[in-house]
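This report concerns only the one structure given below.
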Amino acid sequence: MKGLEMVKNEKSIKLNMVLNAIKGLMGIIFPLITFPYVSKILGVDNLGRYNFSNSIISYFILIAGLGISTYAVREGARLRDNQKAFQDFANEMFTINAISTIVAYFGLGVLLVVSTKVREYKVLLLILSLLIIFKTIGIDWIYSIFEDYAYITVRSIIFQFISLILLFTMVKTENDVNIYALITAISSGGSGILNYIHAKKYCCIKLTPKVNWKRHMRPILVLFATSVTVTIYTSSDVTILGLLCGDTSVGLYSVSTKVYSLVKTLLSSVLIVSIPRLSALLGSDDCGAFNEMAADIYKTLISLVLPALCGIILLRKEIILILADESYLASENSLALLSVALFFCLGAWFWGQCILVPFQKENTVFIVTVIGAIVNIVLNFVLIPFWKQDAAAFTTVLAEGIAFVWCSLKGGKMVKLRGIGTTYIKVLVGCASFIMISAVVQNYITTVSLRVIAMVVISVISYFVIEIVLRNEAIRSLLKVLNRKV
């Protein structure tokens, strides 16, 4: 019976990875359609204004979130089979989240009053501030706990279509940057409200005066502090770039960060779906199954991240031309640097969120995140005045690299992942074929879009064939799941 349950769990975790990957893929396809349009209609400066404002709001979304999502997924996954206990827990999390949201809005109001520079972006900031309350109402952690990735995927695609229609019908000139921001907020708002209504399938979320503050607040605040420092060293480059170099540099850098964030969203899907399952395995003291699943997830991550990294570096110029135009080509170097940061970022996320956090070692994650944030901020102020967006990308690589090395060393003491070195070798052999394919395609195809399509299609086929021949377990397993569902 236990063997059958393990097989069932293995199939469901793979299916969850596929479903969340589809969601992530749609999250790439839609921006690939919209971003070229937006970048050309709004122009470099207005795109920079939007991204600078969005970077400011991201801090207040973080304050409202308060690290609750990570904590709720970790602890809620252990209670999901106990309806009464889970209902009480969910109400407590929502109440804490509501209070932190009020604090976030108060903080934004204070910033608008005291900062002359920020006040120049007041309208954009107020529109984007709708994202704060919609994030709270959205209670995404409920769906992660119950691994309802089918609903999340369908919902995401529906609202992406809605925002796509609104974008092409309402954003027509460079002066429509506020409308673009409103469309972003509305899309998130509808998704959040639908989440809240649909959550009744699992529990009836409401505010409660009965909150066990002593039990919840310490781990929540540690996770919040970690999230703050992560956001600082992922968003501070845009904020500092805007303060020191202006909207044009932020607009150029936005192309690189857009590609970086899109690919990271897709690849991180293999991690997000695993966190509640890993926490549940630890809660049941099944260390053997935990180690096996963790190794499988890490092999899958390696098998997807490294080829993505190589592909972005080889096609960085073509990617920029497709997403924007020649006026954005100065972001070519920063895109190559951020593609390297992808490996460190997702590796650090695996060791931090999938290993250390379930083992309740959030203090370790917090310490390394603080160190990375300090390094990033200091170097941003030193280097950005000289190398602008390239410096911002370089400091991100350093910060993510520090986090990856530290977390992997600490996490490696708690779990033993078998076969990782062999998987690295197999993946690198597969990626080596990209260089030869790129050289041939570059010589024979001159049209940018056709060159990218040919390079991607041939490289993907070549990579999967090589990995199947080399018996890469992660790739073979994913292909089996896809084949079964198709």
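The values are calculated or read from the model by the stated rules, or taken from the named source; none is laboratory data. Remember, it's a predicted structure, so these values are computed and weren't measured experimentally. Using ideal geometry, Cβ is built from the backbone for each residue, glycine included, and neighbour counts are taken over all protein chains shown. Accessible surface is based on the protein model in full, side chains and every heavy atom, while ligands, DNA and RNA are left aside. Shrake-Rupley method; radii C 1.70, N 1.55, O 1.52, S 1.80 Å.
Sequence-ordered 3J(HN,Hα) estimates for segment 172-179 from the Karplus curve with 6.51, -1.76 and 1.60 and θ = phi - 60° stand at 10, 10, 5, 7, 8, 5, 5, 5 Hz, glycine and proline given as x. Solvent-accessible area of I165, all protein chains in place: 110 Å² (probe radius 1.4 Å, heavy atoms, ligands and nucleic acids excluded).
Surface analysis of segment 52-172 yields an accessible area of 41 Å² per residue, using protein heavy atoms and a 1.4 Å probe.
So if we plug the beta-carbon distance of F161 and V469 into 1/(1 + (r/R0)^6) with R0 = 45 Å, what FRET efficiency do we get, rounded to 0.05? My answer for the efficiency is 0.70. Projected label points at N443 and Y105, each 7 Å from Cα along the beta carbon direction, are separated by 6.3 nanometres. Modelled spin labels at I33 and S115, positioned 7 Å past Cα toward Cβ, are 3.4 nm from each other.
Measuring nothing but protein heavy atoms, the accessible surface of segment 350-486 at 1.4 Å probe radius is 71 percent carbon and sulfur.
Ordered from highest to lowest accessible area with the whole protein assembly present and a 1.4 Å probe, K135, K361 read as K135, K361. Surface analysis of segment 178-249 yields an accessible area of 47 Å² per residue, using protein heavy atoms and a 1.4 Å probe.
When the helices of the chain are scored as -39500 (n - 2.57) per DSSP H run of n ≥ 4 and the total is divided over every residue, the value at 222 nm lands at -29000 deg cm²/dmol. Under a point-charge model restricted to the Cβ atoms of Lys and Arg (+1) and Asp and Glu (-1), what is the dipole moment magnitude of the chain relative to its Cα centre, in debye to the nearest 20? Dipole of the chain, to the nearest 20 debye: 1120 debye.
Less than 19 Å from a label point 7 Å out along the Cα-to-Cβ axis of K122: which backbone N atoms in segment 55-77 qualify, by residue? The answer is 56-57, whose backbone nitrogens lie closer than 19 Å to the label point.
A 1.4 Å probe over all protein chains sorts T422, T395 by accessible area into T422, T395, starting with the largest.
Probing with 1.4 Å while keeping every protein chain in the model, the per residue accessible area of segment 334-478 equals 47 Å². Computed 3J(HN,Hα) for segment 182-194, one whole-Hz value per residue from the Karplus formula 6.51 cos²θ - 1.76 cosθ + 1.60 where θ = phi - 60°, is 5, 4, 4, 5, 5, 4, 5, x, x, 5, x, 5, 4, glycine and proline marked x. Placing a pseudo-label 7 Å from each Cα along the Cα-to-Cβ vector at I322 and A150 gives an inter-label distance of 3.2 nm. When a/c reaches 1.5 or more, the comparison of a/b and b/c decides; with that in mind, is segment 91-245 rounded, prolate or oblate per its Cα gyration tensor? The shape class here is oblate. Once the Cα-Cα distance is subtracted from the 0.36 nm per residue extended length, the K40 to F168 segment shows a gain of 44.8 nm. With every protein chain in place and a 1.4 angstrom probe, the accessible-area ranking of D296, D148, D45, largest first, reads D45, D296, D148.
Rolling a 1.4 angstrom probe over segment 104-233 with all protein chains present gives an accessible area of which 70% lies on carbon and sulfur atoms.
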